[in-house]
Amino acid sequence: MAVLLIAEHNNKDLKAFTLNAATAASQMDEDVHAIIIGHNSGDASKKLSELPVIKKVISIDAPHYENFTAENFAPVITKVAENYSHIVCSANTFGKNLMPRIAAHLDSSQVSDIIKVISNDTFLRPIYAGNAFATVKTNDSKKCITIRPTSFDPCESSGGSAPIENAEAGEEFTNTKFIKREEVKSDRPELGTARIVVSGGRGMQSGDNFKLITEVADKLGAAIGASRAAVDAGYISNDHQVGQTGKVVVPDLYIAIGISGAIQHLAGMKESKIIVAINKDGEAPIFSVADYGLEADLFEAIPQFMEELNKLNTIQK
Amino acid sequence: MKILVAVKRVIDYNVQIRIKEDGSGVVTDNVKMSTNPPDDNAIEEAVKIKEAGKATEVVAVTIGEEKAQETVRKALAVGADRGIHVKVDNSLEPLAVSKILEKIVDKEKPDLVFMGKQAIDDDCNQTGQMLSALLNWPQATFASKIEVKEKSLEVTREIDEGLETIEINVPAIVTCDLRLNEPRYASLPNIMKAKKKPIEEISAADLGVDTAPRVEQIKVEEPPKRKAGIKVANVAELVQKLKNEAKVI
Ligand SMILES: Cc1cc2nc3c(=O)[nH]c(=O)nc-3n(C[C@@H](O)[C@H](O)[C@H](O)COP(=O)(O)OP(=O)(O)OC[C@H]3O[C@@H](n4cnc5c(N)ncnc54)[C@H](O)[C@@H]3O)c2cc1C
Ligand SMILES: Cc1cc2nc3c(=O)[nH]c(=O)nc-3n(C[C@H](O)[C@H](O)[C@H](O)COP(=O)(O)OP(=O)(O)OC[C@H]3O[C@@H](n4cnc5c(N)ncnc54)[C@H](O)[C@@H]3O)c2cc1C
């Protein structure tokens, strides 16, 4: 039986991580179909059909799907899942919210947040904030799997032309009502997919000082990250949090400034290719994962860092 | 309103875990255990709602071995009225936990079930959503703000893009984020008082739930270690290394 990939989108475009999830799905079985549920989401369906790894697109469109409510999505996906062996999506807040609901309907024990497909029933997943890796094998006939998007490369986004099949909508779940979504819009790269991330912690001392982080990020064309302590203190909004209970990032370069390196923070960034730490405490645990550590006061180091960057003729973007 | 709160006993978040030599799991003997952190937020929120006169009773439930009872005691010490301990000998997958909780919901008939958004040991992030699917109740996951209304809750959820607000009719499930509130500490008199509060013990076997594992843990191993890095002397050296050695800028 084929693999069913749940596409994440905003009714217009595919969300970037759908491409990573498609790669993971294609490692479980070559026959990958994708389901897309939304309202007036024809454009997104079309883009989905262009992913070469997708053999068929199932599109379901109705007004009550506009806001991606899990209570509306789970029953229709469960029905479509009858014909599939695996149901796959990203382990971001969309997939985390949705997949367990489907798994419970299918009486399947979900495997969350896998980082590697070992075979079509055996997977590698981090546990204890990434301090241990567990190899798990599921014996359920329907396998519900969420994948850690940063552990899989995005698939090709063009060249395919899978047929799009429309399927019938389900009933509306009326006990949950969407009210609003407050998205923080910015021109900077998205944290989850950025090549460079510059993160600030409690050491920044205030939201105002966080502007120093912003300057460096803009200079490098980087996304902005933060520790939980910085978010809790109100220096920056929650969507920037990196860590066990925030986002997992794997950029080419991660710069941690005024962050001590608690295991919950490391869980979200220690797979980064190159890690830089700037901290005035030479004993801070962040130095144990840093490729380049600079023991210095950040209020002196950041302006110098900007100066040095300005001296460079070119900066890779 | 009656609120049921699910609390789980896990290895304390400050403990540096160790992996068993035979790769069968992590060492839990003689390791400090405590309540899963967001479950403290779940209890705190329930108690606050009761203190505001909007809930009549807060019941804490845990599913676990003998010692999991400490987790319920702690919940009682910060304001839960009574406890339930469902005894199991081995650790369960979220699907089994949610099936047991479904039975407890049938019995207790709460209007709300509060839980943590994820357990910090297995990081599954499933149990609340599974329970609400089994009950066909609305779910508000990753809650960072809750406003109690007449027969509904308005909940602000933390999502990847920012914040989302939804309204859910009771009965409903809420899974709590750490930012929901600041859990209180138990005072000594309240710890003493909690010793007298009732905890009902139920054997999982009596609930008639199939808890057989579906997922085999084949092995647990150390993640690959990063190779040791270096300390640079100054900012100029840092930038030079990033440019010429790591070639990332
Ligand atoms: C293959 C496999 C092997 C495992 N091996 C081990 C092992 O060797 N040792 C070990 O200690 N564990 C082991 N577990 C842990 C397992 O039993 C977890 O308790 C279970 O998977 C729940 O996952 P979670 O806590 O991450 O759930 P989540 O869905 O992340 O939990 C969310 C919330 O659900 C509630 N909740 C969850 N569990 C309970 C509970 N028991 N009682 C009350 N409320 C609860 C809490 O409110 C919690 O905040 C294993 C799990 C799996 C899948
Ligand atoms: C269940 C749970 C989940 C969690 N999830 C997350 C998560 O997802 N992400 C996360 O980040 N945290 C998480 N945490 C919190 C985590 O344990 C730490 O508390 C947090 O990461 C600390 O943030 P910090 O490093 O910014 O602050 P601190 O630990 O206070 O460190 C501040 C650092 O700044 C340095 N500093 C101060 N001033 C200067 C200066 N002038 N110049 C240079 N350096 C300076 C200090 O030396 C220090 O090392 C979680 C905790 C729990 C219990």
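Residues in the stretch B:228-237 that are surrounded by 15 or more Cβ atoms within 10 Å (Cβ to Cβ) and either in contact with an Asp or Glu (Cβ under 8 Å, 6 or more places away or on another chain) or more than 7 Å from every other protein chain (Cβ to nearest Cβ) (or both): how many?
So the answer is 3.
Would you check if there is a residue in the stretch B:65-79 being away from chain A (no Cβ under 14 Å), open to solvent by 10 Å² or more (accessible area, probe 1.4 Å), near ligand 1 (Cβ under 9 Å from one of its atoms) and of a type in the set (Val, Ile, Thr)?
no
What are the residues in the stretch B:109-157 that are more than 10 Å from ligand 1 (Cβ to nearest atom) and of a type in the set (D, E, K, R), if any?
Selection gives B:Lys109, B:Asp111, B:Lys145, B:Glu147, B:Lys149, B:Glu150, B:Lys151, B:Glu154, B:Arg157.
Of all residues being within 15 Å of A:Thr193 (Cβ to Cβ) and within 17 Å of the chain's Cα centre (by Cα) in the stretch A:215-230, which is farthest from ligand 2 (Cβ to nearest atom)? Just the residue, please.
Step by step, filter the stretch A:215-230, then rank; the result is A:Ala222.
Which of the residues spanning the stretch B:211-227 are at pLDDT below 90 and either open to solvent by 90 Å² or more (accessible area, probe 1.4 Å) or assigned to a strand (DSSP E or B) (or both)?
Of the stretch B:211-227, the ones at pLDDT below 90 are B:224-227.
Once the filter is applied, which keeps residues that are at pLDDT below 90 and either open to solvent by 90 Å² or more (accessible area, probe 1.4 Å) or assigned to a strand (DSSP E or B) (or both), the stretch B:211-227 yields B:Pro224, B:Lys225, B:Lys227.
Give me the pairs, please: first residue somewhere in the stretch B:158-182 and within 21 Å of B:Pro110 (Cα to Cα) and away from ligand 1 (no atom under 16 Å from the Cβ), second residue anywhere and in a strand (DSSP E or B) and open to solvent by 40 Å² or more (accessible area, probe 1.4 Å), beta-carbon distance under 8 Å, and either six or more positions apart or on two chains.
Hits for this filter: B:Ile166/A:Lys177; B:Ile166/A:Phe178; B:Ile166/A:Ile179; B:Ile166/B:Glu154; B:Glu167/A:Lys177; B:Glu167/A:Ile179; B:Glu167/B:Glu154; B:Ile168/A:Lys177.
Being more than 24 Å from A:Asp153 (Cβ to Cβ), more than 10 Å from ligand 2 (Cβ to nearest atom) and not assigned by TED's automatic domain parsing to the domain that holds A:Pro149 narrows it down to one residue among A:Pro303, A:Pro285, A:Pro251; which is it?
Values: A:Pro285 fails: more than 10 Å from ligand 2 (Cβ to nearest atom); A:Pro251 fails: more than 24 Å from A:Asp153 (Cβ to Cβ).
Selected residue: A:Pro303, the only one of A:Pro303, A:Pro285, A:Pro251 that is more than 24 Å from A:Asp153 (Cβ to Cβ), more than 10 Å from ligand 2 (Cβ to nearest atom) and not assigned by TED's automatic domain parsing to the domain that holds A:Pro149.
Which of the residues spanning the stretch B:9-57 are away from chain A (no Cβ under 14 Å), within 25 Å of B:Glu221 (Cα to Cα) and touching a residue at least 60 places away in the same chain (Cβ under 8 Å)?
Within the stretch B:9-57, B:Arg9 is the sole residue that qualifies.
Is there any pair linking a residue in the stretch B:206-224 that is farther than 26 Å from B:His85 by Cα to one that is part of a loop (DSSP other than H, G, I, E, B) and of a type in the set (Asp, Glu), with Cβ under 9 Å and at least six apart or on different chains, and which?
Short answer, once both residue conditions are applied: B:Lys219/B:Asp22; B:Pro223/A:Glu271.
The values are calculated or read from the model by the stated rules, or taken from the named source; none is laboratory data. In this text the structure is predicted, and so the values were computed from the model without any measurement. So basically every Cβ, Gly included, is an ideal-geometry build from the backbone, and we count neighbours across all protein chains shown. Remember, those area values only see protein heavy atoms, side chains included, never the ligands or the DNA or RNA. Shrake-Rupley method; radii C 1.70, N 1.55, O 1.52, S 1.80 Å.
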